[in-house]
Every structure is written in structure tokens, then in C-alpha cells.
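Before anything else, here's the structure in question.
The values are calculated or read from the model by the stated rules, or taken from the named source; none is laboratory data. Owing to the predicted nature of the structure, the values given are computational and were not obtained by experimental measurement. Heads up, the Cβs are rebuilt from the backbone with ideal geometry, glycines too, and the neighbour counts pull from every protein chain shown. Note: accessible area is taken over every heavy atom of the protein model, side chains too, but ligands, DNA and RNA are not part of it. Shrake-Rupley method; radii C 1.70, N 1.55, O 1.52, S 1.80 Å.
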Amino acid sequence: MLLFLYFACCRKKKGILIICLDLYFIYYVSMRKILLFFITVAAATSVLHASQWKSVVAVVVDQTTHSRLSAEIDLYLNAIREEGKGTVLIIDRWQHPDSIRAALKYEYLNNHLEGAILIGNIPVAMVRDAQHLTTAFKMDQTRDRKESSVPSDRIYDDFDLSFDYLGQDPDSTLYHYYSLRADSPQYIACDIYSSRIKAPAIPGMTPCEAIGAFLTKAVLQKQQAAKMNDILHFAGHGYNSESFSARIDEGWTLKEHFPFLGKRPGAQLHFINFDSDPFIKTRLLGALAEKDLDLAILHHHGSEYAQLLNGNPNTSVASQYIDYAKMFFRDKIRSARDTVKTKAYYLENYDITENWFKGWNDPVITQEDSLFSASMDINIPDLYGFRAGAKVILLDACFNGSFHLNDYIAGYYPFNKDSRTLVVKANSVNTLQDTWTNELAGLLNAGVCVGNWAKGQMTLESHLIGDATFHFSNDYPGSNLDRDIVKEKHNNKFWRSMLKNTYPEFRALGIKMLTANKAVSPEDLLDLESTDESPVVRLQAFMSLMRYADSYLPQAIIRGLEDSYELLRRMAALYAAKNGSPRLMGTVVSTFINPTTPSRVAFQLNYGMNQYPAGELIECIEQIYALNPYYPSGERMEKIKESILANAENQKKEFMALADSTENRKNKVFTIKAQRNLCQPQYLEQMIAMLENCEDTEMRVLIAETLGWYTHSYRKDYIVEQCRKIAAGEKEAVVKLELEKTIKRLNKNI
């Protein structure tokens, strides 16, 4: 139960109504434990006529940070108010996510709250049992809770999600563990935005000093908002299969998102590929330091402490290839638990001699190898003192936004002294490569603050670091989308009118909002995907239709695979693999063996081919290949068919082994978990039979959870029917709960 007791005192100061409100939250945690949460909330809003409307931004700050930076925080709040938004200050005294969430939800329900800025040491929700809300995170939850949980601020900005509280970490006391409940919505739809103002371990600065300097910068920036003019996008080594089509089409569609590119004199669209130099780091840092840069979109791999940019430099010199190989083997030996066994493995399997490992334990050579590796990436020490010029940076890499750690690489861009960066979008754990990073990015050119743009694109792992209220000036006179996204959220007539707007980004936003309100039909979305002249609108319609996950999916996927826009084709290929309908097989095969199919699209279609029985698939391939037997080569085609047959035989053995009591349990777990990604319809009967008859409770929970990943499968209704049947007579509570969660995931409709 949640009990609110409050009192308020009001006073006026320089035309501002100051409301000091104390809220006491008594939160029932268990039959034996009651926690008392005390939060001081100070709301400051301009004195308004009753007919005026404004949204509110909440600033949440821990007691220590507030006591040291109260002046800077007051100036920041005032700067937000001067831009026409109300503010509420929440001082967190008890360091628990539940109390903060309750205060934010209260403001959302009563005072038009649009977002929350979390300053300092605000508690971190470590979410468990919700890996399906991420794009790629699938770690075994039996591992250390710190590693196998997802640090996520969705607890603060998606109020429909519901969790069971699992307790506080005894060592990292800001960490609070939560389990997503079976009766919670099984998808993310943020009600507000949130961002973290939390400094990393910058040498020579305390966290409070870094935060104070950042707030001062944010205030100054609000006094001189300017139009967008310069945009950079970067493509890293190994990202999106290094597809040239992906790079080219991103440049094309950025001009759809930002119509001023190529039209406004002086406006710039820059592109850097990882192989522009042997080591691209210097060039990229130089570009990011340009003081006039507005938006940087960086596609690369990453970790908590590095942006991974390069592979080994391209070379035409044989001796350099050999040197790189020797360095690879030395590194493998250094990182091995058993150096003797590892060395023997490489000697036997790679036809090399002992000389290839020479120097692996030599301190001088080890240092040289380390420096060489460091030169390929941006590491945290590279950002000590770095003065970034980019106002907004989008990092779609894994782990770069691990804000829960004391040190994390994304934090150096906004919080370094003299940096011009105001906000970074980054991920707290690993993330999928094939995502629409730039979805609705053109709203930033319409004066929409970064938070109001980003809240429609958030996953469990994605976060804003810095000032989410930052915005560029509005390039579309007469519009006010920053307000409309909040005020007109449920006004379907308003959003339907957007579908006729001449600007693609406005039409795409209309589709997004109508879809969220369940106010647009699958038929209309399919028509928009098929007929709109803008690639970003067609992709928006396709992605919205995927949320319905109904009978229109095969038609939408086929049209997507035939589209001219590489990312739409890629997303259609990804969902073709998830759907697995027999109606798709011909299109999947013909697209896969088409010589003009982009490499990343073909990569995803390779998974789509696994959805069909090997015999039927090969027959389809032979029929289509006969029409144009020039590509792939005959030899390559034979290898493709051999691979299909071998893969099918291996999988048949793996699934037959599920019913074998003598089979290694670890192998069974691997077989089942693989279906989280593969979602193969031909093996559902074996999985469901094991779910029904297996005596291993943990295995049954795993199968029930895995079936919940078939959200877009053409056999989804069959899975729901079987899960309901099993759940009706299920006696194991943990199995029943997982079945209920899976049923809810598969029945999701928007």
C-alpha cells in the first residue's frame, strides 16, 4: 500500500510561485518489513492564467549534490522556466527507486510532467527477468547479479511497467534489484523521458565539480539556442557488415530527416568510414571537436571503457599480415587460462610454429602490442581533457552508456571541462546492430528537446546522459512539436492531420503517435508503407505495423524486402526470420541469392532461410536459381545447399536429444536458448512436449520463457493456445508465472 501524507507552504519570490511540499511515502515491502520514504519536493512554476498550459520538468537530485550545488541547480531550473516549461525539484533523501518513481508518477498524473533529469547519485534499478525488453542482452541470470541485470531508468519513465522488488545490493548500495512481473505490460512505452547528469571519474575534478560546470554550461546554452547546421555520421569496423549500401542510404535519408542539408548555404553533412586512415581515432576525435558540430551519429562496437573503431589496418604487404597474425596469437596466449593447452591448440589447427608466439610474455613486446591495440579505439584516457564540439551525440554501441559504473566512456563527452556536448544517447548493456538509430531524428530540427524525441525510441538499455531538455531552435515556423508531443499525446485528430503534412518527419511522427494510441489500422499502415514517397515514412509505417504482429506481417515484410531503402529491406529481412511464414519463403530465397542484395540484408536473410524444412527450401532455391544461374556461382550454390542440409541434420539431432534423459543438460539449455534468436517454427512441438512432460522445473521455466520470444511468429496463436492449456493445470508456481508472462508477450497488440 502507498499512503500519502502532505502539507504545503507557498510564497512568492520575484513573480514565481514557490510551493514547498513534503510527501511521506509508507511503502509496504513484505509482511515483516515497512520502509519509510521521505522526499522533499519543491515545485516552482510561473504564475499563470488558468487558461495557459505548460508541461513540467522534474529535477531529481540526491541530498549531498543538492547541498553543494543548490545555486547551480536553481539557475538550471530557472533556465528551463524561462523556456516556457514548469519545474519541480525533488530532493531524494532515502535513496530508493520506489519513492522517486511514486513522486514522478504523481507529477505525471497531476501536473503534465514531460521528463525527469536525474542529478548525482540517484538509485539505479537493476532489472531482471526482462531481457525481451532489450535488443540483444541475453545473459544467464545465474551469473553475478551485477552482470546479469540490466541497469535501466525505465523504472522512472515508464509507469505502466510493474516490478517485484528483490532487494538492495550489499556492496553497491545505489543498486536495487527488480524483477519484471508477469502481470506487467511486456513492452516499453515511456510516459516521460529521463536523463542522467552523473559525471564519470574525470581526473582533477570531483563529481560535484563536473556536474556544477555542466549545469552552468547547460544554462548558457539555453540562452543562445541555434539552428542545426552540421551533422556527422561515422561507420566503424565490422558494423552492419560494413555494408556500403547501408552507409550510402543513411546519407540519403539524413537529408530526409534534415531537409536543410544540401539546401541551406553552409550546412554540412560529414561522413567518416573507419578505413579512411590506418588508425581512424585521430580523424574522428578531430571531427568531434569541431565547435560548430551539432549532431554526431556514431555507429561502432563498444565497451564500458572504449569505443571500438578499427580492425587491423588494411595492407598490401605480406609481412604486415604476418605481424598482425602473430600479435593475434600472442594476445590469445596472454588471455588464456591454460597457456600450454591453448598454444597446443593453435599449433595443431593453424599450421604455425612456436616462433609465432615469440615474445608473448616479454614485457616490452606486451607493451608494444597494448599500444597498438589502444591506437585502434577511443579509450577513456583518450578523452581526458577532450573538448568535444558536438552538441548531441548518438552512440549505438554496446556498453558505452554504463552510467551505473563509477567510470564510463559516454560520460566524458558532456562532463569534460570546456566540452560543448549537452547530451549523449548510449546503452548500459549490449545492443543490437540492426536498429533504427535515426528514427524521427529530424524532430531535433523542429525545436523538439532531445528527451521528447528519444522517449519514443527507448529500450530497456538505452539512456540519455546529460541535459535531455536541450534543444535546437525550431526550423519550422508555426509549429510547436515539443509542446504537442506532450499536450496532444492522445489527440488522434491532431496526429491524423499530420499524415498530410508536406514534411516526411511530421508524417512519420503522426504514424508513430497514432500507432501508440491504437488509432491507425494495419491496412492503413500497409498502404503508407507501399505508397509514401519518403523512405523514412515507409520505414515508420513498417515498424509500426510490426507492433501489431498480426496477419498483415507477411505482406508488409514482402513489400519491405522489395523497397529501395536499405534499412527498410534490412528490417524486413530481420522480421522475415522472426515470422517464418511459408508465404515468405520464395521472397526470402530470391532476395538472398539476388546479386544486388546489400550484404547486411543478406546477413539477416540467412537466418530467415533457417525457418523452413531443408527439402522444401532447397527445392525453392533450385527453382529460383534456374531463372538466373549466373549468381551465385554453381560451386557456391552447391555449398549453400550442403550447408542447409548439414545445419538441418545438426538441429534435428539437437532437438531429438531434448527427450533423451542421458543427454548433457548444458547442451539442452544451449539448444533451447538458441531459439530466443532463431524462433524456428518447425521445432515448436518438441519444445512444447518437453515443457509439458519434463520433470526439471528450471528447464520448463526456460522453455516457457523462450516461447515468449516468438512474438512475430506465424505460429504465435498455436503457442498461446498450448501455453494456456498447460497453465490451466500447472501446479509449479514459477512455471505458471512464466507461462502467463509468455502469453501476455505474445498477445501484445501495441
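With respect to Ser544, determine if the residue is of a type in the set (Ser, Thr, Tyr), under 17 Å from Ala572 (Cα atoms) and within 23 Å of the chain's Cα centre (by Cα).
Working: of a type in the set (Ser, Thr, Tyr): yes; under 17 Å from Ala572 (Cα atoms): yes; within 23 Å of the chain's Cα centre (by Cα): yes.
Here the answer is yes, as Ser544 does meet what is asked.
Can I ask one more? Given the condition part of a strand (DSSP E or B) and open to solvent by 30 Å² or more (accessible area, probe 1.4 Å), answer yes or no: does some residue in the stretch 432-454 qualify?
Step one: list which residues in the stretch 432-454 are part of a strand (DSSP E or B), which gives 446.
Those still in the list that are open to solvent by 30 Å² or more (accessible area, probe 1.4 Å) too: none.
So far as the stretch 432-454 goes, no, none of its residues is part of a strand (DSSP E or B) and open to solvent by 30 Å² or more (accessible area, probe 1.4 Å).
Within the set of pairs 6 or more residues apart or between chains, which connect a residue that is within 14 Å of Asp484 (Cα to Cα) inside the stretch 494-512 to a residue that is open to solvent by 50 Å² or more (accessible area, probe 1.4 Å) and in a helix (DSSP H, G or I) with Cβ atoms less than 8 Å apart?
Listed pairs, sorted by first residue: Gly510/Arg496; Gly510/Ser497.
Quick one: in the stretch 475-516, which of the residues that are assigned to a loop (DSSP other than H, G, I, E, B) and open to solvent by less than 40 Å² (accessible area, probe 1.4 Å) is farthest from His257 (Cα to Cα)?
So the first thing to find is which residues in the stretch 475-516 are assigned to a loop (DSSP other than H, G, I, E, B), and the list is 475-480, 488-491, 499-503.
Next cut, open to solvent by less than 40 Å² (accessible area, probe 1.4 Å) only: 475-476, 479, 488.
On the way: Asp475: 12, Tyr476: 13, Ser479: 16, Glu488: 22 Å.
If we take residues in the stretch 475-516 being assigned to a loop (DSSP other than H, G, I, E, B) and open to solvent by less than 40 Å² (accessible area, probe 1.4 Å), then Glu488 is farthest from His257 (Cα to Cα).
May I ask you to say which residue of Ile248, Ile202, Ile272, Ile197 is crowded, with 22+ Cβ neighbours inside 10 Å and either touching a helix residue (DSSP H, G or I) at 6+ places or on another chain (Cβ under 7 Å) or touching a residue at least 40 places away in the same chain (Cβ under 8 Å) (or both)? Can you show your working first?
Working: Ile248 fails: crowded, with 22+ Cβ neighbours inside 10 Å; Ile202 fails: crowded, with 22+ Cβ neighbours inside 10 Å; Ile272 fails: crowded, with 22+ Cβ neighbours inside 10 Å.
That would be Ile197, the only listed residue that is crowded, with 22+ Cβ neighbours inside 10 Å and either touching a helix residue (DSSP H, G or I) at 6+ places or on another chain (Cβ under 7 Å) or touching a residue at least 40 places away in the same chain (Cβ under 8 Å) (or both).
Considering only the stretch 324-424, give the helices (runs of 4 or more DSSP H) lying wholly within it that have at least 1 residues that are within 17 Å of Ile197 (Cα to Cα), in contact (Cβ under 8 Å) with a residue 24 or more places away in the chain and in contact with a Leu (Cβ under 8 Å, 6 or more places away or on another chain). Break it down stepwise before answering.
Values: elements: 339-349, 363-375, 412-415.
Helices (runs of 4 or more DSSP H) meeting the threshold: 412-415.
In the stretch 134-173, which residue that is among the aliphatic types (A, V, I, L, M) and open to solvent by 40 Å² or more (accessible area, probe 1.4 Å) is farthest from Gln95 (Cα to Cα)? Even if it seems obvious, please write down each step before you answer.
Going residue by residue through the stretch 134-173, those that are among the aliphatic types (A, V, I, L, M) are 136, 139, 150, 155, 161, 166.
This time we only want the ones that are open to solvent by 40 Å² or more (accessible area, probe 1.4 Å), so: 139, 166.
On the way: Met139: 27, Leu166: 15 Å.
Applying the filter and picking the extreme gives Met139.
Which one of these does Asn310 not meet: (1) within 17 Å of Asn379 (Cβ to Cβ); (2) open to solvent by less than 70 Å² (accessible area, probe 1.4 Å); (3) part of a helix (DSSP H, G or I)?
Looking at each condition in turn, Asn310 falls short on (3).
Mind checking whether some residue in the stretch 177-190 is more than 19 Å from the chain's Cα centre (by Cα), β-branched (Val, Ile, Thr) and part of a loop (DSSP other than H, G, I, E, B)? Show your work before the answer.
Kept after step one, since they are more than 19 Å from the chain's Cα centre (by Cα), are these residues of the stretch 177-190: 177-179, 181-184.
Within this subset, residues satisfying the condition of being β-branched (Val, Ile, Thr) are none.
No; the residues of the stretch 177-190 include none that is more than 19 Å from the chain's Cα centre (by Cα), β-branched (Val, Ile, Thr) and part of a loop (DSSP other than H, G, I, E, B).
Does any residue of the stretch 437-448 turn out to be farther than 22 Å from Leu539 by Cα, touching a Gly at 6+ places or on another chain (Cβ under 8 Å) and at pLDDT 95 or above? Spell out the reasoning first.
So in the stretch 437-448, the residues farther than 22 Å from Leu539 by Cα come out as 447.
If we keep only those that are touching a Gly at 6+ places or on another chain (Cβ under 8 Å) as well, we get none.
No: zero hits.
Right, something else. Checking the conditions here, which among His233, His237, His299 is open to solvent by less than 10 Å² (accessible area, probe 1.4 Å), modelled with pLDDT of 95 or more and either under 30 Å from Val150 (Cβ atoms) or aromatic (Phe, Trp, Tyr) (or both)?
Values: His237 fails: open to solvent by less than 10 Å² (accessible area, probe 1.4 Å); His299 fails: open to solvent by less than 10 Å² (accessible area, probe 1.4 Å).
It is His233.
Working only within the stretch 269-299, note down all residues that are of a type outside the set (A, V, I, L, M), under 16 Å from Arg420 (Cβ atoms) and not in a loop (DSSP other than H, G, I, E, B). Give the steps one after another, and end with the answer.
Step one: filter the stretch 269-299 for residues of a type outside the set (A, V, I, L, M), giving 270-271, 273-279, 281-283, 286, 290-292, 294, 299.
Still in the running and under 16 Å from Arg420 (Cβ atoms): 286, 290-292, 294.
Correct list: Gly286 only.
Of all residues being within 26 Å of Asn610 (Cβ to Cβ) and charged (D, E, K, R) in the stretch 713-740, which is surrounded by the most Cβ atoms within 10 Å (Cβ to Cβ)? Just the residue, please.
Only one residue tops the list, namely Glu738.
Is it the case that Val127 is β-branched (Val, Ile, Thr), farther than 29 Å from His471 by Cα, at pLDDT 95 or above and crowded, with 17+ Cβ neighbours inside 10 Å? Give the derivation first.
Values: β-branched (Val, Ile, Thr): yes; farther than 29 Å from His471 by Cα: yes; at pLDDT 95 or above: yes; crowded, with 17+ Cβ neighbours inside 10 Å: yes.
When the stated conditions are applied, Val127 passes them.
If I filter the stretch 251-266 down to residues being open to solvent by 20 Å² or more (accessible area, probe 1.4 Å) and modelled with pLDDT of 95 or more, which single residue comes out as nearest to Asn310 (Cα to Cα)? Give the steps one after another, and end with the answer.
So the first thing to find is which residues in the stretch 251-266 are open to solvent by 20 Å² or more (accessible area, probe 1.4 Å), and the list is 252, 255-256, 259, 262-266.
Next cut, modelled with pLDDT of 95 or more only: 252, 255-256, 259.
Numbers: Trp252: 25, Lys255: 27, Glu256: 29, Pro259: 32 Å.
Ranking the qualifying residues of the stretch 251-266, first place goes to Trp252.
Among the helices (runs of 4 or more DSSP H) contained in the stretch 519-591, which hold 3 or more residues that are surrounded by fewer than 22 Cβ atoms within 10 Å (Cβ to Cβ) and on the phi < 0 side of the Ramachandran plot? I'd like the intermediate steps shown before the answer.
Numbers: elements: 522-531, 535-548, 553-561, 566-579.
Of the helices (runs of 4 or more DSSP H) lying wholly inside the stretch 519-591, those with at least 3 residues that are surrounded by fewer than 22 Cβ atoms within 10 Å (Cβ to Cβ) and on the phi < 0 side of the Ramachandran plot span 522-531, 535-548, 553-561.
Moving to a separate point now. Going residue by residue through the stretch 209-224, is there one that turns out to be closer than 30 Å to Gly84 by Cβ and assigned to a strand (DSSP E or B)? Quick ask: steps written out before the conclusion?
Initial filter on the stretch 209-224 (closer than 30 Å to Gly84 by Cβ): 210-224.
Applying the additional criterion that residues be assigned to a strand (DSSP E or B) yields none.
Among the residues of the stretch 209-224, not one is closer than 30 Å to Gly84 by Cβ and assigned to a strand (DSSP E or B), which makes the answer no.
Exactly one of these conditions fails for Thr597: (1) assigned to a helix (DSSP H, G or I); (2) open to solvent by less than 80 Å² (accessible area, probe 1.4 Å); (3) under 27 Å from Arg247 (Cα atoms). Give me its number.
(1) is the only condition that Thr597 fails.
Sticking with this structure for a sec: Here's a check for you: in the stretch 600-627, which residue that is open to solvent by 70 Å² or more (accessible area, probe 1.4 Å) and among the polar types (S, T, N, Q) is modelled with the lowest pLDDT?
Step by step, filter the stretch 600-627, then rank; the result is Asn606.
Every residue in the stretch 455-474 that is β-branched (Val, Ile, Thr), in a loop (DSSP other than H, G, I, E, B) and open to solvent by less than 10 Å² (accessible area, probe 1.4 Å), please. Full working, then the answer.
Narrowing the stretch 455-474 to residues β-branched (Val, Ile, Thr): 459, 465, 469.
Subsequent filtering for residues that are in a loop (DSSP other than H, G, I, E, B) retains 459, 469.
Passing the criteria: only Thr469.
Next up: Against the conditions (1) in a loop (DSSP other than H, G, I, E, B); (2) open to solvent by 20 Å² or more (accessible area, probe 1.4 Å), where does Tyr108 fall short? Just the number, please.
Of (1) in a loop (DSSP other than H, G, I, E, B); (2) open to solvent by 20 Å² or more (accessible area, probe 1.4 Å), only one is false for Tyr108: (1).
Collect the residues in the stretch 726-746 that are more than 29 Å from the chain's Cα centre (by Cα) and not aliphatic (A, V, I, L, M), keeping them in residue-number order.
Answer for the stretch 726-746, where residues must be more than 29 Å from the chain's Cα centre (by Cα) and not aliphatic (A, V, I, L, M): Gly729, Glu730, Lys731, Glu732, Lys736.
To continue, here is another question. Run down Leu405, Leu394, Leu371 and say which single residue is of a type in the set (A, V, I, L, M, F, W, C) and either under 19 Å from Ala235 (Cβ atoms) or in contact with a helix residue (DSSP H, G or I) (Cβ under 7 Å, 6 or more places away or on another chain) (or both). Reasoning before the result, please.
On the way: Leu405 fails: either under 19 Å from Ala235 (Cβ atoms) or in contact with a helix residue (DSSP H, G or I) (Cβ under 7 Å, 6 or more places away or on another chain) (or both); Leu371 fails: either under 19 Å from Ala235 (Cβ atoms) or in contact with a helix residue (DSSP H, G or I) (Cβ under 7 Å, 6 or more places away or on another chain) (or both).
On inspection, the qualifying residue turns out to be Leu394.
To keep it simple, each residue is scored yes or no on (1) touching a Leu at 6+ places or on another chain (Cβ under 8 Å); (2) under 22 Å from Met498 (Cβ atoms); (3) modelled with pLDDT under 95.
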residue: Glu529; (1), (2), (3): yes, yes, no
residue: Leu539; (1), (2), (3): yes, yes, no
residue: Ser544; (1), (2), (3): yes, yes, no
residue: Ala572; (1), (2), (3): yes, no, no
residue: Arg583; (1), (2), (3): no, no, no
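Tell me, please, whether a residue that is part of a loop (DSSP other than H, G, I, E, B) and in contact with a Leu (Cβ under 6 Å, 6 or more places away or on another chain) can be found in the stretch 238-246.
Applying the first criterion (part of a loop (DSSP other than H, G, I, E, B)) to the stretch 238-246 yields 238, 243.
Going one step further and asking which of them are in contact with a Leu (Cβ under 6 Å, 6 or more places away or on another chain), we end up with none.
Scanning the stretch 238-246, I find no residue that is part of a loop (DSSP other than H, G, I, E, B) and in contact with a Leu (Cβ under 6 Å, 6 or more places away or on another chain), so the answer is no.
Continuing with the same structure: Could you pull out the residue among Lys489, Lys500 that is over 27 Å from Val57 (Cβ atoms) and at pLDDT 95 or above?
Numbers: Lys489 fails: over 27 Å from Val57 (Cβ atoms).
Exactly one of Lys489, Lys500 is over 27 Å from Val57 (Cβ atoms) and at pLDDT 95 or above, namely Lys500.
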